[in-house]
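K.L.:
Shown below is the structure under consideration.
The values are calculated or read from the model by the stated rules, or taken from the named source; none is laboratory data. Since the model is a prediction, treat every value here as computed from it, not as a measurement. Methodologically, a virtual Cβ is constructed for each residue, glycine included, from the backbone with ideal geometry; neighbour enumeration extends over all protein chains shown.
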Amino acid sequence: MSDSPVDPEDVRHVAGLARVDLADTEVDEFTEQFADILDYFEALDEVPEVDSEPELVNVMRDDEVHEGLSQEEALQNAPETEDGYFKGPSVS
């Protein structure tokens, strides 16, 4: 029995979930590759933690409510209006 954390049945199971047909040689190849990938993840566990960045602070100004345009003011420069709304070209 090998000491690999992945066995060929795991690879066949994942291939079945992905609906991929694999030849026996491909199963062996992917078994090795999956084991390598798991080793990479284990290596990430060994990376020391670093102090995290401080929380982000909103440096933007506070929102202020201002009087908006009236409907007539908003529509005064529109090339075409209809029933108090902007009128645009027809879309087919």
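K.L.:
Do we find a residue being at pLDDT 90 or above, of a type in the set (Asp, Glu) and on the phi < 0 side of the Ramachandran plot anywhere in region 40-58?
P.N.:
no
K.L.:
Could you grab me the full set of residues in region 34-70 that are in contact with a helix residue (DSSP H, G or I) (Cβ under 9 Å, 6 or more places away or on another chain) and surrounded by 10 or more Cβ atoms within 10 Å (Cβ to Cβ)?
P.N.:
Scanning region 34-70 gives a single hit, 34.
K.L.:
Somewhere in region 24-41, is a residue among the hydroxyl-bearing types (Ser, Thr, Tyr), part of a loop (DSSP other than H, G, I, E, B) and free of Cβ contacts under 8 Å to residues at least 60 places away in the same chain? Give the derivation first.
P.N.:
Going through region 24-41, the residues among the hydroxyl-bearing types (Ser, Thr, Tyr) turn out to be 25, 31, 40.
Those still in the list that are part of a loop (DSSP other than H, G, I, E, B) too: none.
No, region 24-41 contains no residue that is among the hydroxyl-bearing types (Ser, Thr, Tyr), part of a loop (DSSP other than H, G, I, E, B) and free of Cβ contacts under 8 Å to residues at least 60 places away in the same chain.
K.L.:
More than 24 Å from the chain's Cα centre (by Cα) and part of a loop (DSSP other than H, G, I, E, B): does that describe residue 73? Can you show your working first?
P.N.:
Numbers: more than 24 Å from the chain's Cα centre (by Cα): yes; part of a loop (DSSP other than H, G, I, E, B): no.
Spelling it out, it is not the case that residue 73 is more than 24 Å from the chain's Cα centre (by Cα) and part of a loop (DSSP other than H, G, I, E, B).
K.L.:
Return the residue satisfying two criteria in turn: it lies in region 76-92 and is polar (S, T, N, Q) and in a loop (DSSP other than H, G, I, E, B), and of such residues it is surrounded by the fewest Cβ atoms within 10 Å (Cβ to Cβ). Show your work before the answer.
P.N.:
Filtering region 76-92 for residues polar (S, T, N, Q) gives 76-77, 81, 90, 92.
Filter once more, so that each one left must be in a loop (DSSP other than H, G, I, E, B): 76-77, 90, 92.
Working: 76: 10, 77: 6, 90: 5, 92: 3.
Per the criteria, the residue is 92.
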